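S.K.: Structure below; questions to follow.
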Amino acid sequence: MVYSLLVKKRLNTYDITIFQTPKFGDKKGYEAVYRCFLEGNRHNDVLEKAFQTFNVADRMPSDYQARYVCTGDILLIDEGKKGQYYYKLHPEGWKQINRIHVR
């Protein structure tokens with residue numbers, strides 16, 4: 001008999017910032033519109049959770065004043081000393097990008 005141990009991996013808390021352009025579809029002029037903390041096992045979990053949270057009106061925090069997260073928006077995951085990771089939402093999903101795109 002093979003016994004498998006189920007190990008519950010501890011969730012990490014990630015500091016995230018959402019960047020959007022003033023007008024949907026613009027390629028320049030990104031501004032930080034919201035910052036919060038989300039839990040997940042890894043970046044993909046947090047990206048999925050952010051998309052779900054900021055695209056359903058009932059799940060959005062009451063202090064969130066920006067538009068829904070959509071194609072072209074950028075999400076920063078700041079892990080302090082471990083680094084900063086930027087992801088841009090494309091039609092096929094989140095893709096990691098260089099910080100230069102935020103300018």
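What follows draws every value from the coordinates through simple rules; no lab data is involved. Just so you know, these numbers come straight off a predicted model, no measurement behind them. Neighbour counts run over all protein chains shown; Cβ positions are idealised from the backbone, glycine included.
S.K.: Would any residue of the range 72-95 have its amide N under 19 Å from a label point 7 Å out along Cα→Cβ of PHE24? List them or say none.
M.R.: Zone members listed by number: 72-75, 88-94.
S.K.: State the label only: which of (i) 0.99; (ii) 0.95; (iii) 1.05 corresponds to Rg/Rh (Cα atoms, Kirkwood Rh) computed from the shown model?
M.R.: Step by step, Rg/Rh (Cα atoms, Kirkwood Rh) for this structure corresponds to label (iii).
S.K.: Moving on. Among the lysines, which fall within straight-line cross-link reach of LYS9, defined as a Cα-Cα distance under 23 Å, with same-chain neighbours fewer than 8 residues apart omitted?
M.R.: The reachable lysines, counting only those whose Cα sits under 23 Å from LYS9, are LYS49, LYS81, LYS82.
S.K.: Between beta-carbons, use under 13 Å as the cut-off and find the net charge around GLY83, counting Lys and Arg +1, Asp and Glu -1. Don't skip to the end; give the middle numbers.
M.R.: On the way: positive: LYS81, LYS82, ARG99; negative: ASP15, ASP78, GLU79.
Once positives and negatives cancel, what remains is 0.
S.K.: Using only Cα atoms, tell me the angle between helix 43-53 and the longest principal axis of the chain; keep it within 0 to 90° and round to the nearest 10.
M.R.: Helix 43-53 sits roughly 60 degrees off the main axis of the chain.
S.K.: Tally Lys/Arg at +1 and Asp/Glu at -1 over every other residue whose Cβ is under 14 Å from the Cβ of LEU38; what's the total? Can you show the working numbers first?
M.R.: Details: positive: ARG35, ARG42, LYS49, ARG59; negative: ASP15, GLU39, ASP45, GLU48, ASP78, GLU79.
It works out to a net charge of -2.
S.K.: Kindly write out, for the range 10-18 in residue order, the coupling ³J(HN,Hα) from the Karplus curve 6.51 cos²θ - 1.76 cosθ + 1.60 (θ = phi - 60°), rounded to whole Hz, with x marking Gly and Pro.
M.R.: Each residue of the range 10-18 in turn: 5, 6, 9, 9, 10, 8, 10, 10, 9 Hz.
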